[in-house]
1. Here is a list of conditions, (1) closer than 17 Å to residue A:33 by Cα; (2) touching a residue at least 12 places away in the same chain (Cβ under 8 Å), and residue A:288 meets all of them except one; can you say which number that is?
2. May I ask you to verify whether residue A:241 is within 32 Å of the chain's Cα centre (by Cα), surrounded by fewer than 16 Cβ atoms within 10 Å (Cβ to Cβ) and away from every other protein chain (no Cβ under 11 Å)?
3. Can you tell me which residue within region A:134-152, out of those that are hydroxyl-bearing (Ser, Thr, Tyr) and at the interface with chain B (Cβ under 8 Å from one of its Cβ atoms), is surrounded by the fewest Cβ atoms within 10 Å (Cβ to Cβ)?
4. If you take the residues of region B:134-154 that are open to solvent by 30 Å² or more (accessible area, probe 1.4 Å) and modelled with pLDDT under 80, which of them is nearest to the other protein chains (Cβ to nearest Cβ)?
5. Exactly one of these conditions fails for residue B:221: (1) open to solvent by 50 Å² or more (accessible area, probe 1.4 Å); (2) modelled with pLDDT of 85 or more. Give me its number.
6. Any residue in region A:193-203 that is in contact (Cβ under 8 Å) with a residue 24 or more places away in the chain, surrounded by 13 or more Cβ atoms within 10 Å (Cβ to Cβ) and farther than 30 Å from residue A:312 by Cα?
7. Could you pull out the residue among A:25, A:13, A:96 that is part of a helix (DSSP H, G or I), modelled with pLDDT of 70 or more, more than 18 Å from residue A:294 (Cβ to Cβ) and of a type in the set (A, V, I, L, M, F, W, C)?
8. Here are A:166, A:172: which of them is closer than 30 Å to residue B:269 by Cβ, more than 14 Å from every other protein chain (Cβ to nearest Cβ) and not in a helix (DSSP H, G or I)?
Amino acid sequence: MRFLLTKVGLLALTLWAAITLNFLLPRLMPGSPADAAIAKLAQNGPVSSATRASIEAQLGVPTGSMFDQYLQYLGNVARFDFGVSYTFFPQSVAGLVGAALPWTLVLVGLVTIIAFIAGTLLGVLAAWKRGTWLDTLPTVGGTFASAFPYFWTALLLLFFLGYVAGWFPTSGAYGRGTSPEFSAVFLLDALYHSILPATTILITSLGGWILGMRSTMINTLGDDYVTFAEANGLRPRTVAIRYAARNAILPNLTSFGLALGGVVGGSLLVERVFNYPGVGYLLYTAVVNQDFPLMQGLFLIITISVLMANFIVDILYGILDPRTRR
Amino acid sequence: MTVPDPADRGTHAVMVARKQADAPAMTSPLGVVWRAVATIWSVPKARVGVALLGFFVLLAVFAPLIAPYDPSDNGFGRSEDFSAAHWMGTTAAGQDVLSQIIHGASTSVFVGFVAGLLSTIIAVTIGLTWGYLRSITGDVINFVVNLFLVIPALPLMIVIAAYLQNGGIGMIIFVVVITGWAWGARVLRSQTQSLRSRDFVTAAVFSGDSPARIVFREILPNMTSLIVGSFFGAATAAILAEAGLEFLGLGDSTTISWGTMLFWAQNSNALLTGQWILLFAPGLCISLLATSLSLINFGVDGLSNPRLREGANR
């Protein structure tokens with residue numbers, strides 16, 4: 001219980017720090033992002049005083065005390081009020097982010113879990129068959145593939161499998177003329193569209209899991225209880241999986257949380273290449289159009305999502321390894 | 001410089017003696033570097049890395065001599081295919097692709113080196129101080145470092161870069177360093193903590209050395225391999241981040257770099273015209289350069305691993 005309370009407290013502190021960083025960023029930057037944002041918004045028509053206040057709370061005003069602005073900003077964040085986007089006027093930032101988030105969550109979430117499972121298995125295999133081709137191939141291949149920039153893998157797959165071979169759709173998350181709904185036809189179509197982006201993330205992130213699992217597995221293989229299990233005459237497969245791998249997974253799980261930030265960052269670039277309507281593509285659109293309210297809202301949501309994922313992994317770690325609960 | 005007072009001569013003599021004793025320590029860094037290179041070279045994977053990196057560094061340094069044309073000269077035919085005059089064809093704006101690839105090496109090597117160096121300097125300063133001092137500020141630094149580790153780096157870079165519009169290479173280095181130092185700081189901190197209670201540090205404390213001297217003259221040299229490792233790690237991350245930011249069109253799009261080449265390739269529809277070399281070549285160079293640094297790190301790992309294990313057993 002104490003473990004859980006400490007973790008929740010740390011999460012609250014980290015969330016507060018991230019929200020505050022989001023508050024400080026536009027205020028530390030040269031020029032006045034708020035003025036620029038309101039000026040752009042004014043091109044769409046008169047700006048209501050409520051909208052102006054919410055944008056100023058988010059991006060900063062030259063007048064007024066910083067503390068008052070901070071309080072108002074915190075209030076807005078608590079109400080999910082991130083202002084109005086001027087690229088997609090008059091839609092609210094919260095609504096836009098809410099529409100884009102599921103696409104990224106499903107894509108990145110599923111692929112990360114697949115990559116974790118596949119990478120862990122390959123890592124176990126590589127460590128167990130150390131020195132054979134089953135070790136060399138995944139290790140060297142993984143090292144090389146993790147050096148691929150995400151967007152390059154994406155561009156190559158898009159070009160060769162999308163344009164040249166024509167096997168996969170080249171843009172978007174579902175076919176033109178269809179709209180999101182819960183039907184088998186739509187879900188299959190969405191799955192078909194997600195194959196290339198998913199493969200890209202898989203190729204680039206798999207190597208890290210293989211290498212991480214391999215090195216912790218090699219360490220546990222040297223432990224006494226593994227030698228003991230072998231001396232007891234247990235089958236090699238039992239020793240490898242029930243004794244060594246089981247204990248090697250735990251340290252690998254810690255890097256899961258930290259690697260997630262990198263995968264999310266990579267998926268932003270991948271979404272840009274495939275015009276995939278997730279958070280990354282929206283962030284790109286916001287940046288290109290200098291849509292500061294949208295940009296800030298997205299940054300906050302992305303950061304909070306990654307923090308929450310880390311929190312869940314931490315809790316999971318505590319459940320799996322009683323020693324960390326102390 | 002003041003003339004030492006005769007009464008101080010005793011201390012002065014001690015200081016001179018200490019300076020002389022330090023003299024071999026001052027020259028030994030070269031020896032350490034040489035030995036480090038020799039150790040790295042003895043690992044086959046790392047040898048491939050050194051050769052690859054050497055190739056790119058030569059390309060970067062002698063780019064103006066090697067490249068057949070001025071990379072920004074757009075006086076050639078547009079979107080030309082391979083020919084004897086243009087081995088990799090020309091871009092949609094009529095520039096020579098090969099010359100751009102060669103000059104792109106300069107940008108990537110420069111950004112990787114400078115951003116890697118700056119990140120490492122911050123990581124070393126924070127990691128060592130934080131690992132050595134046992135005080136309440138340690139918890140605060142711990143929190144800040146963990147925050148920088150969990151906040152997704154690329155979105156943060158994108159947001160900062162969007163505010164500092166078209167700042168060019170300097171801006172990109174700044175953004176990469178701000179987001180890239182935390183990992184190294186954490187690794188170096190844990191190593192400092194394990195070295196802190198060794199006998200040679202206790203001896204230095206008893207002989208009255210200042211904490212700064214102990215940290216940077218006694219502990220630091222024992223972590224050379226780890227620091228080199230974190231430099232290569234930071235440089236790899238910097239090269240990939242730079243390419244990513246430029247691909248998104250953040251930064252100065254007139255810079256000749258591999259990231260900008262990919263940006264123009266996608267925006268000029270090289271995908272549709274079938275000029276695959278425009279996509280393939282810059283990305284391959286980025287990957288090879290990043291791989292070369294990772295491969296060198298296999299050799300550096302060999303240097304530092306036994307010590308890390310000692311630290312882990314404590």
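1. Only one criterion is unmet by residue A:288, namely (2).
2. Working: within 32 Å of the chain's Cα centre (by Cα): yes; surrounded by fewer than 16 Cβ atoms within 10 Å (Cβ to Cβ): yes; away from every other protein chain (no Cβ under 11 Å): yes.
Yes: the conditions hold for residue A:241.
3. Residues of region A:134-152 hydroxyl-bearing (Ser, Thr, Tyr): A:136, A:139, A:143, A:146, A:150.
Applying the additional criterion that residues be at the interface with chain B (Cβ under 8 Å from one of its Cβ atoms) yields A:143, A:146, A:150.
Values: A:143: 20, A:146: 23, A:150: 29.
Across region A:134-152, the extreme among qualifying residues is A:143.
4. By that ranking, first place goes to B:139.
5. (2)
6. Of the residues in region A:193-203, the ones in contact (Cβ under 8 Å) with a residue 24 or more places away in the chain are A:193-203.
Checking the rest, the ones that are also surrounded by 13 or more Cβ atoms within 10 Å (Cβ to Cβ) come to A:193-203.
From what is left, the residues that are farther than 30 Å from residue A:312 by Cα are none.
The answer is no, given that none of the residues of region A:193-203 is in contact (Cβ under 8 Å) with a residue 24 or more places away in the chain, surrounded by 13 or more Cβ atoms within 10 Å (Cβ to Cβ) and farther than 30 Å from residue A:312 by Cα.
7. Details: A:25 fails: more than 18 Å from residue A:294 (Cβ to Cβ); A:96 fails: more than 18 Å from residue A:294 (Cβ to Cβ).
Of A:25, A:13, A:96, the one residue that is part of a helix (DSSP H, G or I), modelled with pLDDT of 70 or more, more than 18 Å from residue A:294 (Cβ to Cβ) and of a type in the set (A, V, I, L, M, F, W, C) is A:13.
8. Numbers: A:166 fails: more than 14 Å from every other protein chain (Cβ to nearest Cβ).
Of the residues listed, the single one that is closer than 30 Å to residue B:269 by Cβ, more than 14 Å from every other protein chain (Cβ to nearest Cβ) and not in a helix (DSSP H, G or I) is A:172.
The values are calculated or read from the model by the stated rules, or taken from the named source; none is laboratory data. Remember, it's a predicted structure, so these values are computed and weren't measured experimentally. Here Cβ is always computed from backbone atoms with ideal geometry, including for glycine, and neighbour counts include all displayed protein chains. Heavy atoms of the whole protein, side chains included, go into the accessibility calculation; ligands, DNA and RNA do not. Shrake-Rupley method; radii C 1.70, N 1.55, O 1.52, S 1.80 Å.
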